[in-house]
Amino acid sequence: MSALRLRAPAKINWTLEVLGERADGYHEIRTVLQTIELSDWVTITPDDEISLSLSGEPGPLAREPLQTNLAYRAAALLPRPTGSNRPRGAHIELEKHIPVAAGLGGGSSNAAAVLRGLHALWQLDLSGEQLATLASELGSDVPFFLRGGCALAAGRGELLTSLPDAPERRLLLAWPPRRAPADKTERMYGAMRKEHYTSGARSERLADHLRGGNPVTPQGIYNAFERVLSLVDAALARTLEELPVAQGPHLCGSGPAAFFLLEPDQPVEPLRARLEALGLRAAETRTLSAPNALAIEELL
């Protein structure tokens, strides 16, 4: 088989509820996840060994050991193919465009793309359940990116129920240029108190709403981490509070990226200019359906 090129899309959370702390130290969550058009791209070429290179806008990833990258770890996790007619390794190129450690799931999406791509390239015979089990070893969001589109997630985020693709929505993403601390998510969970916990009903209601073929509205969006952001990142919280617009800002995962809903004919430049004046970077994107999120192109 020739080289493969895969889309590795970012995600947003339409909802993210924390139900409480579990006996294993993790938190029980309910979240409605959605893939978006902003993507990294993964090119996988047959080779004798596993190797990895970065291009595009890798940011701080360029200074980290490649063996610690989730994409490399995903490749190392898969069983090597047997038989003389199949490659036993691959060169993986990550073309990075998703901001690193911003709550957009870029690393998890890269890992899922590598699992899907190598499964095809190496002609492995793993079931979807087996692939999802491997994905969950890499991170709670990785199983979601194996299916893309829209899904309701429970547990730590690995228990998934696919939802119909909602009508497409335009989005504007915003994020600070500085990298978030490595323990950002841990600190956000650490700031949670019992009064911040919810039952998961918001996420279940939105899931039912989407099953009816209805669009997402600002009233259906919820993220528990917005309630503790000021305790963890006061500067970002103050910046976002200066943007009292009906379409957002809504935190992406545990942040620091946020998104705004845009109307179909809404000019984006006034809001983009306001964000950039506050020192934030901005990018327009839109929601992405499951078939487009899972696109694989065979290169000649």
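The values are calculated or read from the model by the stated rules, or taken from the named source; none is laboratory data. The model shown is predicted, which means the values in this text are computed figures rather than measured ones. Methodologically, a virtual Cβ is constructed for each residue, glycine included, from the backbone with ideal geometry; neighbour enumeration extends over all protein chains shown.
Side notes on the structure shown:
- Matching residues in region 160-190 - criterion: being surrounded by fewer than 15 Cβ atoms within 10 Å (Cβ to Cβ), farther than 23 Å from Val245 by Cβ and either of a type outside the set (D, E, K, R) or modelled with pLDDT of 95 or more (or both): Thr161, Ser162, Pro181, Ala182, Gly190
Condition check ((1) modelled with pLDDT of 95 or more; (2) of a type in the set (Phe, Trp, Tyr); (3) touching a Gly at 6+ places or on another chain (Cβ under 9 Å); (4) within 28 Å of Glu186 (Cβ to Cβ)) across all residues:
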| position | (1), (2), (3), (4) |
| --- | --- |
| Ile12 | yes, no, yes, yes |
| His27 | no, no, yes, yes |
| Ile36 | yes, no, no, yes |
| Glu49 | no, no, yes, no |
| Ala62 | no, no, no, yes |
| Gln67 | no, no, no, yes |
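- Looking across region 17-50 at every residue that is touching a strand residue (DSSP E or B) at 6+ places or on another chain (Cβ under 9 Å) and among the hydroxyl-bearing types (Ser, Thr, Tyr), the one that is nearest to Leu160 (Cα to Cα) is identified as Thr31.
- In summary, Ser51 fulfils each of the numbered conditions (1) out of contact with any Asp or Glu (no Cβ under 9 Å at 6 or more places or on another chain); (2) within 18 Å of Lys11 (Cβ to Cβ); (3) part of a strand (DSSP E or B) with the single exception of condition (2).
- Selection from region 146-157 of residues that are surrounded by fewer than 19 Cβ atoms within 10 Å (Cβ to Cβ) and either without any contact (Cβ under 8 Å) to a residue 40 or more places away in the chain or small (Gly, Ala, Ser) (or both): Ala154, Gly155
- Pick from region 115-145, criterion buried (at least 21 other Cβ atoms within 10 Å of the Cβ) and of a type in the set (D, E, K, R), ranking: farthest from Leu33 (Cα to Cα): Arg116
- Residue count for region 59-74, restricted to those that are surrounded by 15 or more Cβ atoms within 10 Å (Cβ to Cβ) and touching a strand residue (DSSP E or B) at 6+ places or on another chain (Cβ under 8 Å): 6
- Only one of Leu261, Leu278 that is hydrophobic (A, V, I, L, M, F, W, C) and either in contact with a Pro (Cβ under 7 Å, 6 or more places away or on another chain) or closer than 28 Å to Ala293 by Cβ (or both): Leu261
Table: residues versus (1) farther than 27 Å from Met188 by Cβ; (2) modelled with pLDDT under 95.
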| position | (1), (2) |
| --- | --- |
| Ala71 | no, no |
| Leu78 | yes, yes |
| His91 | yes, no |
| Ile98 | no, no |
| Gly106 | no, no |
| Leu121 | yes, yes |
| Leu124 | yes, yes |
| Ser140 | no, yes |
| Leu152 | no, no |
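- Residue that is buried (at least 23 other Cβ atoms within 10 Å of the Cβ) and part of a helix (DSSP H, G or I), where the choices are Ala112, Ala102: Ala112
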